[in-house]
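Chemist: After the structure tokens below, expect a handful of questions from me.
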Amino acid sequence: MDIRKARKVEKPWGHEEIFAETEDYVGKILFIRQGEALSLQYHEVKEETLRVLEGTLELVTGADIERLEHHQIGPETVFHIPPRTLHRMVAVTDCLLLEVSTTQLDDVVRLEDRYGREGTSDP
């Protein structure tokens, strides 16, 4: 048994709390402040499934940067992001999300970023 506090990681758009980190999966809670956005990114190997717990989110996804789709989603919505899928999340309101993923936390290729983090896996 492992009893501990979640690991909080501050981000320019809010924060994430990593509450599970095993050899097989990672569990996070993401808080995205209203008007803030994660980078337009993809993962080479990492696979994610997310559920909106609170708030309204604009989810941008696509196979390439020329053909991105925009979806406005809210509580109880679940979405899956396979490897190599371009994606960005923009908070219309303050948002709380639950994320379960494979373990490759540093597998982030940033294409665009409001906070100057293009091409890196920096927090």
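Chemist: Given a Förster distance of 25 angstrom, what is the FRET efficiency for R33 paired with D64, based on the Cβ-Cβ distance and rounded to 0.05?
Modeler: Here the calculated transfer efficiency is 0.30.
Chemist: Which residue fluctuates the most in the chain, going by a Gaussian network model with Cα springs under 10 Å, if the choices are R67, R33, R84?
Modeler: In this elastic network of the chain, the residue with the biggest mean-square fluctuation among R67, R33, R84 is R67.
Any read-out appearing in this document is the output of simple, stated calculations on the displayed coordinates, not a laboratory observation. Predicted model only: the values in this text are computed from it and were never measured. All Cβ positions, glycine included, derive from the backbone under ideal geometry; neighbour counts span all protein chains shown.
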